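See below for the structure under consideration.
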Amino acid sequence: MGLRLRDPSREGLLILADTCRHMPGKEAGYVTYLTRAMDRFGNNAALAWELFEFLDGKQAPGADDALRRYLDSPDGEAEKRLLAVRRLHREDMEEEAFLATFGMDSWDNEYTMDHGDFDCRASMTVQGFRAQGKFYGYAWIDSYDSGHPLAGDPYTSHSCGILCEEYREKASLEAHVPDLRCGVYYKLGEEGYTKIYGEASEGLRIEQDSQGRVLFCGMVSPDGFRHGLGTEFLYEDGLLRSIFCGYWKNGERCLRADGGKLQKLDRQ
């Protein structure tokens, strides 16, 4: 079987690479052609990651070079970039790569109650850091359920804090979703209040005033500075009127959480 082309295109090189990968004894050709395709036509995140997994799975040399190609690619996934940065010990890139794993996801479902022909709607939005496609650590959760139309107002819930390690099944959403393990439930506006849930752990600190109102719920460094994701609670006339959701570094606000992104603060 001939595997040579006079001046192969990118597609031609990829066809040769794929052919070699599935031919016994020709795996080296797969690496050669895939590398040549990226040398000639530019690094591609998907191809670089594919090459990394192939070489790493065989404990073959070149896996780290494939990760460097991944980092040099104009595209790529945040979680994979962080893995590459950490494996290559690129401390200069780690903070930026870690912050890029922050995101938002939503669940939405329409259902009918078993005891009546009532159409209902449930939704949930979560913001936080993700690893292996799942939220972990500190996060914000906003939930809504229209519930029974004769039972009063729809159910809404806002919370922040440390998530359970495992997602839990939520029937109204017909899905497994993040769940708060410890933190604060809160409500804004005329009924504004805060309520502590669980016991703070894993670097989480909940600060209260003399009246027991929560002022801050967020992550702190070992030396006690606010450091990481957190929420500040702002009161007016004794009621919770607004909150600040963001990221602190060594005791100072530096980013705000907005729509699944960490944005730089506007400086006056």
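The values are calculated or read from the model by the stated rules, or taken from the named source; none is laboratory data. Keep in mind that what you see is a predicted model, and the values were worked out from it rather than measured. Note that each Cβ is placed from the backbone with ideal geometry, even for glycine, and that neighbours are counted across all protein chains shown. Calculation scope for accessible area: heavy atoms of the full protein, side chains included, ligands and nucleic acids excluded. Shrake-Rupley method; radii C 1.70, N 1.55, O 1.52, S 1.80 Å.
Some points to look at:
- The chain - Rg (one decimal) and Dmax (whole number), Cα, Å: 24.6, 82
- Solvent exposure of the range 10-131 as accessible area per residue, Å², 1.4 Å probe: 56
- Modelled label positions at T156 and C120, each set 7 Å beyond Cα in the direction of Cβ, lie 1.9 nm from each other.
- Comparing mean-square fluctuations of M113, M93, M219 from a GNM of the chain with C-alpha springs under 10 Å, the top value falls on M113.
- The range 44-126: chymotrypsin sites (Phe, Trp or Tyr not before Pro) falling in loop per DSSP and having at most 16 other Cβ within 10 Å: F118
- Two-site label geometry, K249 and E53: point separation in nm, points 7 Å out along Cα→Cβ: 3.3
- Taking a straight line from the alpha carbon of K134, these lysines sit under 19 Å away, with near neighbours fewer than eight places off in the same chain left out: K80, K170, K261.
- Largest to smallest principal axis extent of the C-alpha atoms in the range 111-268, angstrom: 55, 43, 33
- At full extension, D179 and R205 could sit 7.5 nm farther apart than now, given 0.36 nm per residue minus the alpha carbon distance.
- Interchain or long-range residues, amide H under 5 Å from M113's placed H: F118, C120
- Using alpha carbons only: equivalent-ellipsoid semi-axes of the range 60-127, gyration tensor based, whole Å: 43, 13, 9
- Applying the criteria of a DSSP loop state and at most 16 other Cβ atoms within 10 Å to the trypsin sites (Lys or Arg not before Pro) of the range 159-268 yields R213, R267.
- Plainly put, the range 1-142 has a radius of gyration that is 1.18 times its Kirkwood radius, both from alpha-carbon atoms, as the Rg/Rh ratio.
- Gained length - A28 relative to R241, 0.36 nm times residue gap less alpha-carbon distance: 70.3 nm
- Cβ-Cβ FRET estimate between Y193 and R10, R0 fixed at 51 Å, reported to 0.05: 0.30
- What a 1.4 Å probe finds exposed on the range 3-71 is 48% carbon and sulfur by accessible area, rounded to a whole percent.
- Amide H contacts under 5 Å for G137: L163, restricted to partners 5 or more places along the chain or on a different chain, H placed in the peptide plane at 1.01 Å from N.
- Applying both filters, DSSP loop and at most 16 other Cβ atoms within 10 Å, to the trypsin sites (Lys or Arg not before Pro) of the range 37-101 gives K58, R90.
- Reachable lysines from K264, criterion Cα separation under 17 angstrom, eight or more residues apart if same chain: K249
- Multiplying the residue separation of A60 and K134 by 0.36 nm and removing their Cα-Cα distance gives an extension gain of 23.7 nm.
- Euclidean distance between Cα centres, the range 12-29 to the range 50-69, Å: 16
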